[in-house]
Amino acid sequence: MTAPSIPVVEMRGLATRIGGRDIHRNLDLVVEKGQVVGLVGSSGSGKTTLLRQILGLLQPSEGQVRLFGQDVVTAGGEMRRNLLRRLGVLFQGGALFSALSVFDNIAFPLRELRRLDEDWIRRLVYLKLQMVELEPAHGKLMPAELSGGMVKRAALARALAMEPELLLLDEPTAGLDPERSRSFVALIRALKSELGLTVIMVTHDPETLAGLATHIAVLAGGRIETFGSQADVMAAEHPVVEAFRQGGKG
Amino acid sequence: MSEPPRLQIESGRVVLSGDWTLASILPTLAVLAQQLDDAQKSCLDWDLGTITRLDSAAAVFLWRTWNESWPSKLLISDMHRHVILRVAETSLPNAVHGRWDFRRPLETLGAAVIGLFLMLRGLVVVYGQLLLDLGYLLRHPQEMPWKEVSATIYKAGAQALPVTALVGFLIGVTISYLSALQLRTFGADLFIVNILGIAIIRELGPVLVAVLVAGRSGSAMTAQIGVMRVTEEIDALAAMGISRSIRIVLPKMVALTIVLPLLVMWASSIALLGGMLSALLQLDISLGFFVDSLQRAVPVANLVIGLSKGLVFGFVIAWVACYFGLRVKPNTESLSANTTASVVTAITLVILVDAIFAIFTRNFGIPQL
Ligand SMILES: Nc1ncnc2c1ncn2[C@@H]1O[C@H](COP(=O)(O)OP(=O)(O)OP(=O)(O)O)[C@@H](O)[C@H]1O
Ligand SMILES: [Mg+2]
């Protein structure tokens with residue numbers, strides 16, 4: 001514990017170029033264990049793309065992405081799998097498997113481990129459903145039969161299924177009613193204190209940001225323009241932050 | 001950084017320490033399960049005070065070891081007690097176990113029969129809607145979706161020219177070659193013209209093209225309509241007040257009905273060309289003579305039958321493809337199942353219709369010697 005801990009996510013000099021357009025240029029971001037980083041930026045500024053970089057779904061055209069100290073892109077086979085098992089992702093559109101019921105969606109990564117028996121998995125799935133405030137009966141529904149907010153919560157339950165150390169959340173509270181947003185904030189807080197969870201969260205919701213983020217990263221012009229503790233960044237002069245401040249008041 | 005989970009028994013207490021998380025218990029799962037079971041049997045006090053991390057997977061592990069009740073003596077921090085409490089309070093619906101039932105096969109059979117009738121009904125509905133739409137378009141000709149029709153003609157027709165030509169040519173060469181071997185032994189060389197002419201124009205051309213188009217365009221149509229359902233594009237169209245049947249279904253059915261006879265004509269001609277070349281090389285029948293005797297050997301009724309088959313096959317393929325496309329439920333599994341069913345059903349129906357044609361046209365087009 002005394003050794004300097006390795007950052008959970010470390011991006012250095014990252015550049016992303018899709019179809020001849022620069023999405024990121026010379027981007028640096030370091031997220032330490034236990035931080036809850038709110039990633040903010042205007043729509044289309046490349047936040048989702050940044051999360052895809054962390055997952056190794058995109059090849060950086062320059063620079064490096066390190067996850068738990070290892071390069072995601074060059075890590076191959078078994079190592080990459082073990083790396084990815086330590087994180088849970090909530091995609092912006094949910095990305096539930098449309099052919100599987102909600103229950104099977106959440107059970108899927110657990111079954112992939114091939115070590116847990118069905119009773120264990122069943123308890124875990126219903127526990128996760130309860131954590132995200134879905135009813136046990138919702139487990140039987142297919143993704144197409146869910147409301148927008150329910151899709152978000154089911155996807156969150158799936159992201160939490162593997163007890164990840166790092167959670168990547170793409171607009172977790174978009175489409176949730178205010179009360180559900182608040183219980184989402186409470187849930188992530190509890191998990192953080194119990195497990196020392198690290199979270200990177202894209203959000204447009206001032207309340208979620210204020211309630212949850214320990215740190216804020218502002219993405220603009222393809223770079224992280226500002227990074228710091230919530231209080232510091234919220235006090236800073238930045239158009240994006242300004243918008244959030246006003247949103248928070250209203 | 002993370003400490004492995006440990007279990008020690010010291011002076012009448014079970015002491016758990018280290019990280020109890022899914023990732024850390026997995027490598028030594030069997031050993032830990034055994035140790036926990038033994039500890040549970042010896043009814044000792046539990047000391048969980050020195051656990052560093054406890055996640056819900058491990059909490060489920062402990063809770064199951066304790067047979068779903070709190071041990072009488074338990075030392076645990078409030079935070080970790082809360083984690084286990086959450087597991088304890090999870091409401092588990094009763095598991096429904098599928099037991100074998102003698103009625104099950106009967107139900108499956110019944111469902112299959114009902115499914116068949118539902119399919120027939122569905123096909124009739126699609127057909128009826130087409131008639132209604134055609135009636136509507138007669139009164140409002142300006143709403144005819146010409147662009148979609150011509151796009152489908154291009155995709156299903158023009159782009160299918162090379163593959164139908166290739167397959168037709170090879171079939172023509174093969175049939176001609178094999179027949180020539182037989183005919184020569186009987187000295188009946190000249191009948192190659194009759195055999196090729198009637199077989200290709202009346203039977204092989206239409207069926208061949210129909211099978212190719214069912215696999216090529218039928219599947220594409222089902223998948224396209226299916227994906228539009230999955231992504232709610234059809235709902236978006238409906239919300240704009242655009243009829244999905246006029247804009248999506250009708251153009252496909254009209255276009256394929258128009259284009260298939262043309263493809264049949266094309267493929268049959270190329271197949272005959274292949275047959276002619278093969279006959280020239282094998283039996284020394286000149287191209288000019290072949291063409292000349294073709295007119296005498298094959299009454300024009302055969303061409304009419306072949307082309308009308310093409311018309312009907314084209315309609316059947318598009319009909320089936322649209323029906324299955326509209327039946328897709330918004331998930332990937334259903335999409336693939338319906339695409340498969342579409343192609344299989346279309347080909348089966350084509351063969352069936354072909355047999356019906358054979359029976360009803362048995363008196364036409366066969367030259368009586
Ligand atoms: N697969 C792709 N091909 C081409 N361009 C892409 C692709 N994915 C993203 N982009 C472009 O990258 C830019 C950033 O997209 P991204 O999805 O990361 O935005 P975002 O910050 O998540 O926005 P939002 O807040 O609206 O979700 C956009 O301009 C988008 O057009
Ligand atoms: Mg996004």
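How many percent of Cα pairs in the stretch B:96-139 exceed 11 Å?
For the stretch B:96-139, the fraction of Cα-Cα distances above 11 Å is 73 percent.
Amide H neighbours of A:GLY222 under 5 Å, at least 5 residues apart or on other chains, H built in the peptide plane: list them.
The answer is none.
Return the long-range amide H neighbours of A:VAL73 (sequence gap of 5 or more, or a different chain), with a cut-off of under 5 Å between placed amide H atoms.
It is A:VAL65, by chain and number.
If each residue of separation counts as 0.36 nm, what is the full-extension length gain between B:GLU89 and B:PHE102 once their alpha-carbon separation is subtracted?
Full extension of this stretch gives 0.9 nm more.
Which residues among the stretch B:142-167 fall inside the zone where the amide N is under 19 Å from a point 7 Å beyond the Cα of B:MET240, along Cα→Cβ?
Under 19 Å, as judged by backbone N against the label point of B:MET240, lie B:142-152 of the stretch B:142-167.
Starting from the Cα of B:GLU333, step 7 Å along the direction of its Cβ; do the same at B:SER11; then give the gap between the two resulting points in nm.
Calculated label separation equals 5.7 nm.
How crowded by other chains is A:158-166, given as the mean number of beta carbons from other chains within 10 Å of each beta carbon?
3
Would you mind working out the magnitude of the charge dipole of the protein assembly as shown relative to its Cα centre, with +1 at each Lys and Arg C-beta and -1 at each Asp and Glu C-beta, to the nearest 20 Debye?
Using Cβ point charges on Lys, Arg, Asp and Glu, the protein assembly as shown gives about 1160 debye.
Work out the charge dipole of the protein assembly as shown with +1 on the Cβ of Lys and Arg and -1 on the Cβ of Asp and Glu about the Cα centre, then indicate which of B:ALA318, A:GLN246, B:LEU44 is farthest towards its positive end.
B:ALA318
Treating the angle as unsigned and between 0 and 90°, give the value, to the nearest 10°, between the Cα long axis of helix B:287-297 and the longest Cα principal axis of chain B.
Rounded to the nearest ten degrees, it is 90.
Taking only DSSP H segments of four or more residues, each worth -39500 (n - 2.57), what value at 222 nm results for chain A once the sum is divided by all its residues, to the nearest 500 deg cm²/dmol?
After summing the helix terms and dividing by the residues of chain A, the value is -11500 deg cm²/dmol.
Ordered by residue, what ³J(HN,Hα) values in Hz, to whole numbers, does the stretch B:230-242 give under the Karplus form 6.51 cos²θ - 1.76 cosθ + 1.60, where θ = phi - 60° and Gly and Pro are x?
4, 8, 6, 5, 5, 4, 4, 4, 4, 5, 8, x, 9
Find how many whole Å separate the alpha carbon centroid of the stretch A:3-76 from the alpha carbon centroid of the stretch B:59-86.
Between the Cα centre of the stretch B:59-86 and that of the stretch A:3-76, the gap is 39 Å.
Counting each DSSP H run of 4 or more residues in chain B as -39500 (n - 2.57), what helix-only mean residue ellipticity at 222 nm follows after dividing by all residues, to the nearest 500 deg cm²/dmol?
Roughly -22000 deg cm²/dmol at 222 nm, from the helical runs in chain B.
If you take the beta carbon distance between B:TRP146 and B:VAL125 as r and set R0 to 41 Å, what does 1/(1 + (r/R0)^6) give as a FRET efficiency, to the nearest 0.05?
It comes to 0.95.
For A:SER5 paired with A:LYS33, estimate the spin-label separation in nm (one decimal), with each label point 7 Å from Cα along the Cα-to-Cβ line.
0.5 nm
Within 10 Å, count the other beta carbons around each residue, average over each peptide in B:170-181, B:30-41, and list them highest first.
Order by mean packing, descending: B:170-181, B:30-41.
Which value in nm describes the separation of the simple spin-label points at A:GLN92 and A:ARG111, placed 7 Å from the Cα toward the beta carbon?
Each label point is offset 7 Å from its Cα along the Cβ direction, giving 3.0 nm.
Past 19 Å, Cα to Cα: identify those pairs from A:LYS192/B:LYS73; A:LYS128/B:LYS41; A:LYS140/A:LYS192; B:LYS155/B:LYS252; B:LYS41/B:LYS73, in the order given.
A:LYS192/B:LYS73; A:LYS128/B:LYS41; A:LYS140/A:LYS192
Helix B:300-327 sits at what angle to the longest principal axis of chain B, using alpha carbons and giving 0 to 90 degrees rounded to 10?
Rounded to the nearest ten degrees, it is 20.
Given N residues in the protein assembly as shown, what is Rg(Cα) / (2.2 N^0.38 Å)?
So the Cα radius of gyration is 1.34 times the expected 2.2 N^0.38 Å.
Sorted by average packing, counted as other Cβ atoms within 10 angstrom per residue and highest first, what order do A:30-37, B:65-72 take?
A:30-37, B:65-72
Specify the angular offset, from 0 to 90 degrees and rounded to the nearest 10, of the alpha carbon long axis of helix B:161-186 from the longest principal axis of the alpha carbons in chain B.
So the helix axis and the longest Cα principal axis differ by about 60 degrees.
Note the direction-averaged projected area, equal to a quarter of the hull surface, for the Cα convex hull of the stretch B:1-132, in nm².
The orientation-averaged projected area of the Cα hull of the stretch B:1-132 comes to 15.6 nm².
Counting only other chains, what is the mean number of Cβ atoms within 10 angstrom of the Cβ of each residue in peptide B:51-62?
What the average comes to for B:51-62 is 5.
Considering every residue in B:329-337, what mean count of other chain Cβ atoms within 10 Å of its Cβ is obtained?
Mean number of neighbouring Cβ atoms from other chains: 4.
Once the piece of chain linking B:ALA301 and B:THR50 is laid out straight, how much longer is it, given 0.36 nm per residue of separation minus the C-alpha distance between them?
Length gained between B:ALA301 and B:THR50: 81.0 nm.
Read-outs throughout are calculated quantities, based only on the coordinates presented, and are distinct from any laboratory measurement. Since the structure is predicted, the reported quantities are computational estimates derived from the model, not experimental observations. In this analysis, Cβ positions are derived from the backbone assuming ideal geometry, glycine residues included, and neighbour counts consider all displayed protein chains.
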